[in-house]
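Below is one structure, written out as structure tokens; comments come after it.
Each reported figure results from applying straightforward, stated rules to the coordinates on display, with no laboratory input. The structure presented is a predicted model; accordingly, all values stated were derived computationally and were not measured. With ideal geometry, Cβ positions are generated from the backbone for all residues, glycine too; neighbour counts draw on all protein chains shown.
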Amino acid sequence: MINKIIFTIFFLTYFPSLARSGGYDAGNGGLVLVCRAKYDRYGINKIQFYDMWYWSKEGLSPYSLTFRTDLKDYPQGTNLLVEELSQMVPQYAVDLVEEFEILKKLVEEYKAEYLKGYHFDYLSRTEDYGERLAPRNFCNSEFDHPLEVANIARYDQRNFFILSYLYFDALSEIEKNGLIFHEVVYRVLEKYNLDKDEAFNTMEVTANMLSNLPEEQKLQNISKILLSK
């Protein structure tokens, strides 16, 4: 409890402009698999965006996906994903663009603080954690801390956006795009209450948009979620 109070004070002191008001509930976050170096607090030996790992594993997801290589660096790649999804489901285009613009500004603020020396390597664990499968042998036990499945981007219960930029910066560009796009999609699904299982559906929409599936197949898969009501 004391740690939580200290963290909140620190957050409000150093990140006052990152508050986000609105009619949303707290929850869901961008999950990563991470192996941290045993003897270096800020060392990251291996990290992977969970959505891409999960949806590439046959037997875990309904299908095994491979991922596109045409996405530009973040944030241009995320912008392209938002544009593509907006064309597929134009009724949500305004919301998708709005959420992305908000998040893009907040990510830039976290980047600025990170470059000033605020590492802010807080890894949050939510109810998502217990529902996800962690891969065996993902980490090398000789050099790594035990595998962690953790949120590095999420909205807390006060509706503040929290981003551990240290871990975000360690992701590949496609994973950065995917992680922020995941948050955009989640906010839209939550806003319209499209399904009770927003977390899983957000993962599926994100993975499909990042995948090499034909456009017709992507639209069919995504429409089952975004056009279900």
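Which entries of 46/104; 57/104; 46/105; 72/176 show an alpha-carbon separation above 18 angstrom in the structure shown?
46/104; 57/104; 46/105
Annotation: extensible slack from residue 98 through residue 227 equals 44.5 nm (criterion: 0.36 nm per residue apart, minus Cα-Cα distance). Spacing of the modelled spin labels on residue 37 and residue 66, each 7 Å from Cα toward Cβ, amounts to 3.4 nm. Assuming a ≥ b ≥ c are the square roots of the Cα gyration tensor eigenvalues, decide whether region 37-104 counts as rounded (a/c under 1.5), prolate (otherwise, with a/b larger than b/c) or oblate. Judged from the Cα gyration tensor, region 37-104 comes out oblate (a/c at least 1.5, b/c at or above a/b). Ignoring lysines fewer than eight residues from residue 224 along the same chain, the ones with Cα atoms less than 20 angstrom from its Cα are 191, 196. Peptide packing: for 176-186, 80-90, the average count of neighbouring Cβ atoms within 10 Å per residue gives the ranking 176-186, 80-90, highest mean first.
Under 12 Å from the Cβ of residue 207, count the other residues' Cβ atoms, weight Lys and Arg +1, Asp and Glu -1, and hand me the total.
Summing Lys and Arg as +1 and Asp and Glu as -1 gives 0.
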